[in-house]
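Some notes on the structure that comes next.
The values are calculated or read from the model by the stated rules, or taken from the named source; none is laboratory data. The structure displayed is predicted, hence computed values, not measured ones. Heads up, the Cβs are rebuilt from the backbone with ideal geometry, glycines too, and the neighbour counts pull from every protein chain shown. These area figures cover heavy atoms from the full protein model, side chains too; ligands, DNA and RNA do not enter into them. Shrake-Rupley method; radii C 1.70, N 1.55, O 1.52, S 1.80 Å.
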Amino acid sequence: MVAVIERETASEAIEATVNYIVNNGEKLFTETAGPGGSDVRTGGTVDPRRVTIHNARAHAEPFALDREGFRFVRHDTKVQNFFDEAELRRVYYPEMEALIKAESGAKRVHVFDHTLRTADDEMREAKKIREVVRRVHNDYTEWSAPQRVRDILPDEAEDLLQRRFAIIQVWRPIRHPVETYPLAMADARTLAPSDMIVSERRAPGRIGQTYAIKYNPAHKWYWFPRMRRDEAYVFKVFDSLQDGRARWTAHTAFEDPTTPPHARPRESIEIRTLAFF
């Protein structure tokens, strides 16, 4: 736990709006955009809700991956340029495998994807990276998580799926401290199965699923103000074990009311991994 409370956001909690979805029975779809574009979402009705988001830097106890669904870690990286694909694969991927093994206890970790995001539209188009996601969601479903194993490791999948596996992600800023659209996490213990709505995700050559999330006043939200390049979230978006531990972590970017004027747009990277136990 990094006991740093930035002066600008030292309050114990803030009120902010997060975007849920109304479960009105409509099928939900996301058409993923090409590099530099914006995803197109259809179906359902966006449900903006004012919620309390707690300053996790003021939280007395460390968060646990199997309890709240996420961890906050101090983690240095040797990556010099996050926009260099070859360097990411050579340097960052092995760093993330080691980090997730240490944080989760997994015996094997396979990095299968990364996504760079920015809240700056001009940079997004110029660098051909993705937008920030301003809706509450969880990245994999009961169906799409094991299907991802089959997609990525087809020769081993059926054997691997006989044992526990998880999809664990790591999120961090890549340059400046986060001043706009920080990432908020909901305590997994406050997320009910009935809150999650399957949303089909259509990408070139692949159909996947994510969970959109409907509003539940029980959700307890956290954020880490002004996260820096040497700080990261480690969080679960699927766990095959159904023994009461955290299996999903609802999360979203949100418009921070404490954002200063002329703030630098958020720039971040998320890594997606298969973790086998």
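Over the Cα atoms of the chain, each weighted equally, I'd like the Debye log10 I(q)/I(0) at q = 0.09, 0.13 Å⁻¹, rounded to two decimals.
So the normalised log intensities work out to -0.39, -0.87.
Can you give the three extents of the C-alpha atoms in the stretch 124-178 along their principal axes, from longest to shortest, in whole Å?
42, 23, 18
State to the nearest 20 debye the size of the charge dipole of the stretch 121-277 about its Cα centre, where the only charges are +1 on K and R beta carbons and -1 on D and E beta carbons. List each step's numbers first, then the result.
Numbers: 27 positive and 23 negative charges, 50 e Å.
With Lys and Arg at +1 and Asp and Glu at -1, about 240 debye.
Based on Cβ point charges of +1 for Lys and Arg and -1 for Asp and Glu, what charge dipole magnitude is obtained for the chain about its Cα centre, in debye rounded to the nearest 20? Intermediate results must be reported in sequence, preceding the final value.
Working: 43 positive and 43 negative charges, 41 e Å.
Taking the Cα centre of the chain as origin, the dipole is about 200 debye.
In Å², and per residue, what accessible area does the chain have when probed at 1.4 Å with the other protein chains present?
Numbers: 12510 Å² over 277 residues.
It amounts to 45 Å² per residue over the chain.
Can you list residues whose amide H is under 5 Å from Ile174's amide H, if they're 5+ apart or on another chain and H is modeled 1.01 Å from N?
Residues meeting the criterion, in which the H sits 1.01 Å from N, are Glu267, Ser268, Ile269.
Using θ = phi - 60° and the Karplus curve 6.51 cos²θ - 1.76 cosθ + 1.60, what whole-Hz ³J(HN,Hα) does each residue of the stretch 238-249 get, with Gly and Pro shown as x?
Ordered by residue, 3J(HN,Hα) equals 6, 9, 6, 6, 10, 10, x, 6, 4, 10, 9, 9 Hz.
Applying the Karplus parametrisation 6.51 cos²θ - 1.76 cosθ + 1.60 with θ = phi - 60° to the phi angles of the stretch 173-185, what ³J(HN,Hα) value in whole Hz is obtained for each residue in order, glycine and proline being reported as x?
x, 10, 9, 8, x, 6, 10, 10, 6, x, 9, 9, 10
Taking amide H positions as placed in the peptide plane 1.01 Å from N, state which residues far from Gly44 in sequence (5 or more) or on other chains have amide H under 5 Å from it.
Hits under the 5 Å cutoff: Glu26.
Highest mean first, how do 87-100, 134-147 rank when packing is the count of other Cβ atoms within 10 Å averaged over residues?
Values: 87-100: 17.4, 134-147: 20.6.
Descending packing order for the listed peptides: 134-147, 87-100.
Set Lys and Arg Cβ to +1 and Asp and Glu Cβ to -1, take the dipole of the stretch 18-163 about its Cα centre, and tell me which of Thr32, Val22, Thr42 lies farthest positive.
Val22
Could you go through the stretch 72-79 in sequence order and give the Karplus-derived ³J(HN,Hα) for each residue, using 6.51 cos²θ - 1.76 cosθ + 1.60 with θ = phi - 60°, rounded to whole Hz, and x for Gly and Pro?
These are the phi-based 3J(HN,Hα) values: 10, 10, 8, 8, 7, 10, 8, 5 Hz.
With a 1.4 Å probe and every protein chain kept in, tell me what percent of the accessible surface of the stretch 154-277 is carbon plus sulfur. Walk me through the numbers on the way to the answer.
On the way: 2280 of 4700 Å².
Looking at the stretch 154-277 in its full context, I get 49 percent from C and S.
Among Leu160, Leu116, Leu65, which one moves the most in a GNM of the chain with springs linking Cα atoms closer than 10 Å?
Largest GNM mean-square fluctuation: Leu160.
Give me the accessible area of Phe63, 1.4 Å probe, in Å² rounded to the nearest 10.
10
Around Leu241, which amide H atoms from residues at least 5 apart in sequence, or from another chain, sit under 5 Å from its own amide H, with H modelled in the peptide plane?
Phe165
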